[in-house]
Amino acid sequence: MSNWQKWVITALLFVFIASTAFVAGFGIGHYVLPAFRPVAVVEEEQQEQFNVFWEAWALIENHFYTEEPLNAQTMTYGAIRGMVASLGDRHTAFLTPEQADLFREDLEGEFGGIGVTVGMTDEGQLRVIRPMPGSPGEQAGLKPGDIILEVDGRPIKGMNLVQAINIIRGPQGTEVRLLIQNIEGDTLEVVITRALIEIPTTESQMLDDGIAYLAVWECNARAPREVRESLDQLLEQDPRALLLDLRGNPGGYLHVAKEIANEFIDGGLLLIERDSEGRETEHKARRGGRVTGIPLAVLVNGGSASAAEIIAGAIQDNERGILVGQGTFGKGSVQITERLSDGSGLQITTRRWYTPSDRQIEGQGLTPDIEVEMTDEDLLAQRDPQLERAVSYLLSQLSV
Amino acid sequence: MSNVSGRLLPVLGGVRRHGGCFVLLMSPLLALMLFFAGLVVGHFTTPVNRYPMPNTPAEHVEQFRVFWEAWNGIEQKFYSPIPLDYRDMTCGAIRGMLASLGDPHTILVEPPQHRLETDTFQGEFGGVGVSIAIQEQQPVIVEVHAGSPAESAGLQSQDILLSVDGTDVAGLALDTVVLLIRGPIDTRVELVVHRSGQGLSFSIVRERIELPSLTWQVLPEDIGYVHIQFFSGRTGEELSRAIEALHEGGARALVLDLRGNGGGVVEGARDVLSQLIGHGIAFRELNKDGKESRHAIPFRLRTVGWPLAVLVDAGTASSAEILAAAIRDHERGLLIGEPTFGKGSVQAIFPLLDGSSVHVTTSRWLSSNGHPIEGVGLQPDIAVAPATGQKEGDLSLQRAVEHLALQLEGTAKLSLLSIM
């Protein structure tokens, strides 16, 4: 065999082996691996069940009277919404691509809006929890407790919180018209120009008698850094006690709640997570938080929810400090947001969380150690009896 | 340049020096690398429908992918202390899909409600002839209908129902209990009731029970009054019986009360028109392709010639509006009361595989003269403001009676005149 013949045979062999290897790899990757992916198998019974859906779909396509052509995407989204609604969990929701974007913006920190924290009551009322200082909402005269009835003529009744927030937000500079029912029961219409809202995350100051005050408004992605910076500034002034204000904090990320709680709790359990099969995950505090020694009180109210309740619950159960104010909201579930292939999102309740001493929060909330009401008169007179009570408690701790 | 090529050349030279031996040594390694490259490429070129899509029609696979992604997300991750109910999820999906159409009349009706609805529209069903209500979680017989099989069997009002055909009924929903008692005519149903401290068993043969869609009475001044609550397949038959009875009672004029009548089977309304007008157009229908069709009043030679007034209010809707509009369009009578609801959409009821049904808005009704009804309603000829208190009594009815009495007086004078 001549040299060039050997060379050709080797080359052919090489090409053969190479292509066989690639094809084999491709085949396995393309056809075999998907079978091992952890997708739930739709059982036959379930499949048959679902035939009814396509039966209904075909009826609509063939018979429905409509002036505009049917929109398959709207129908698909509708089907997802309905399927999700059938689960009966108000925190599990479908988000259109726009809503999913808004939701992410929210947790990240800035968007076009009116700067008002709102919450949905069990009766499906959209209630103003707190207008942010200096926000267009505050300037327009919105007050905590106001109920938003309509947005641009669309009634809120029947919407969920995400849908309601979505129609209130919009590009900055545009106007939104709200129909409000105030605490006195009067209805009035306000027109507000949307602005760029940066969700204020913290507010800190030194009160009299060496008491440091730190408010955390949201547990968004910016919060841990802002909390650390605020604490460092406060610590420079040698505080003798700290007052943590979580009133109106609607929550945010679980990991953010843990990071904030870490600053106050030196080791120990922060929360317990359980899935529906009862599998537990214990979340423990790191050692070496910034404020683990001095007396601590936490201000809470009905607007303190979710991640804020995690922080408050961890502080209360570890006997690190006491809670002052009113009972908290009672959202003891954890959601993940899944992005679907077309950019829409699905917020799914995946777990429940419990306080370190295994108290259930969902539907119950936390009861403060010292209950102090905040009346409408207090609000009008700009008094803060909850803060006053917490300060006097902290002072009594110092004198001991 | 020269530097670069200088670095490359020795490598190529090396391959040449070792010849096929080197290539053979490198081959398994290369093959392995290529295998994994293939694996990765294969993996990511898998068609995106990685989710099982049961029976998804081919043309919707793309569009509907997100649904199955969501379904799978729920299935794998949702916190649910009880197992997921796929039937509920499917029904939820249908409801949501229908809701997205933005038409409040296109809805899913679950199997029990579908059966009850069918009975209502037929105006009859197989049953024993009792009315029941839920009192303190217990189904209680509140009325035993005169002449019914229940009455002959000896059931009494206030009997507490314990079981139906051996099924314990305490705590069940009213619809469920009603459906257990109803069944095909001439079949037997076993009832156990609790009466003054003892249990009593009854075995009753179901008979045809009629569900009246109207009531009637003779008012003073020889005015007949018929209140049609809804339209069933039997409304026409009921009306002819009522008119016969009213005639015997001396009636010479008719108040047709359609207040609170939300509609029903449109054939019922056409049968009524047949007896009052006898010919012409009952209503027009505009289908989704924009085609208009006319529906005739079933022809009838002998019609009721009495002066007629129709009572309407904001609860008068759908088939009842069709009827009222036709009476006015044919100048057969005046509408008295409040503006009507304005539901001019037609629903067809389609049964689904699982026993539920879908009401689908399939077309729009126009009045016999071609006026739209949807969202507009009918304005009464004589407007009567809704009563504000109990004291005023039924103002619309009073106006109708006055109006008809005047007309009767007029005809009386007229006939007197013709005699002279």
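The values are calculated or read from the model by the stated rules, or taken from the named source; none is laboratory data. This is a predicted model, so every value here is computed, not measured. Cβ: placed from backbone, ideal geometry, glycine included. Neighbour counts: every protein chain shown. What goes into the accessible areas is simple: the full protein's heavy atoms, side chains included, and nothing from ligands, DNA or RNA. Shrake-Rupley method; radii C 1.70, N 1.55, O 1.52, S 1.80 Å.
Here are the numbers for the structure shown:
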item: Normalised per residue, the volume of the convex hull around the Cα set of region A:110-198 (Å³); result: 82
item: Solvent-accessible area of residue A:122 with every protein chain in place, 1.4 Å probe, in Å² to the nearest 10; result: 130
item: Length-normalised contact order of region A:110-198 in % [C-alpha pairs under 8 Å, at least 6 apart]; result: 34
item: Accessible area in the full protein assembly, largest first, 1.4 Å probe, for A:70, B:378; result: A:70, B:378
item: Shielding by partners - mean other protein chain Cβ count within 10 Å, residues of B:351-359; result: 4
item: Protection proxy ranking, peptides A:366-374, B:167-175, A:387-395, average beta carbon neighbours within 10 Å, highest first; result: A:387-395, A:366-374, B:167-175
item: Electrostatic dipole magnitude of region B:193-284 [Cβ: Lys, Arg +1; Asp, Glu -1; Cα centre; debye, to 20]; result: 360
item: Region B:58-157: GluC sites (Glu not before Pro) falling in loop per DSSP and having at most 16 other Cβ within 10 Å; result: B:136
item: Mean accessible surface per residue for region A:110-198, computed with a 1.4 Å probe while every protein chain stays in place, in Å²; result: 49
item: Residue B:33 - accessible surface, heavy atoms, 1.4 Å probe, Å² rounded to 10; result: 120
item: Summed buried accessible area for A+B [probe radius 1.4 Å, Å², rounded to 100]; result: 6600
item: Estimated [θ] at 222 nm from DSSP helical runs (n ≥ 4, -39500 (n - 2.57)) normalised by residues in chain A, nearest 500; result: -11000 deg cm²/dmol
item: Phi to ³J(HN,Hα) by Karplus 6.51 cos²θ - 1.76 cosθ + 1.60 over region B:211-227, Hz, x for Gly, Pro; result: 9, x, 9, 8, 10, 8, 6, 9, 8, x, 6, 6, 9, x, 10, 10, 10
item: By accessible area with a 1.4 Å probe, ligands and nucleic acids excluded, highest first: order of B:294, A:228, A:194; result: B:294, A:228, A:194
item: Stretch gain in nm, segment residue A:108-residue A:187, where the contour uses 0.36 nm per residue and the Cα spacing is subtracted; result: 25.1 nm
item: Set of aspartates and glutamates with alpha-carbon distance to residue B:291 below 20 Å, sequence-local pairs under 8 removed; result: A:61, A:67, A:68, B:374
item: Whole-number D in µm² s⁻¹ for chain B, Kirkwood Cα-pair radius fed into Stokes-Einstein, 37 °C, 0.692 mPa s; result: 119
item: Student exercise, region A:110-198 dipole from Lys, Arg, Asp, Glu Cβ charges, in Debye to nearest 20; result: 160
item: Carbon/sulfur fraction of accessible area - the protein assembly as shown, other protein chains in place, 1.4 Å, %; result: 54
item: Length-normalised contact order of chain B in % [C-alpha pairs under 8 Å, at least 6 apart]; result: 11
item: Per residue accessible area in Å² of chain B, where ligands, DNA and RNA are left out and the probe is 1.4 Å; result: 50
item: Debye, to nearest 20: dipole size of the protein assembly as shown, +1 on Lys, Arg Cβ, -1 on Asp, Glu Cβ; result: 3020
item: Choice from A:47, A:73, A:163 with maximal GNM fluctuation in chain A (Cα, 10 Å cutoff); result: A:47
item: Gyration tensor (alpha-carbon) shape descriptor, region A:354-400, a/c threshold 1.5; result: oblate
item: Degrees between helix A:307-317 axis and first principal axis of chain A (Cα, 0 to 90, nearest 10); result: 60
item: Quotient of C-alpha Rg and 2.2 N^0.38 Å, computed over region B:89-220; result: 1.25
item: Normalised contact order of chain A, rounded percent, pairs of Cα under 8 Å and 6 or more residues apart; result: 12
item: Protein-only accessible surface order, largest first, of B:222, A:186, B:257 at 1.4 Å; result: A:186, B:222, B:257
item: Peptide-level mean, for A:338-344, of C-beta atoms on other protein chains within 10 Å; result: 5
item: Under 11 Å, Cβ to Cβ, from residue B:304 - net charge with Lys/Arg +1 and Asp/Glu -1; result: +3
item: Pairs beyond 32 Å (Cα-Cα), from A:143/A:284; A:157/A:258; A:157/A:331; B:77/B:343; A:157/B:77; A:258/B:77; result: A:143/A:284; A:157/A:258; B:77/B:343
item: Cα centroid separation, region B:309-376 to region A:136-187 (Å); result: 37
item: Rounded tilt (10° steps) of B:235-248 against the dominant C-alpha axis of chain B; result: 10
item: Extreme residue, positive dipole direction of region A:110-198, given options A:149, A:137, A:163 (C-beta unit charges); result: A:163
item: Centroid-to-centroid separation of region B:255-286 and region B:203-244 [C-alpha atoms, Å]; result: 15
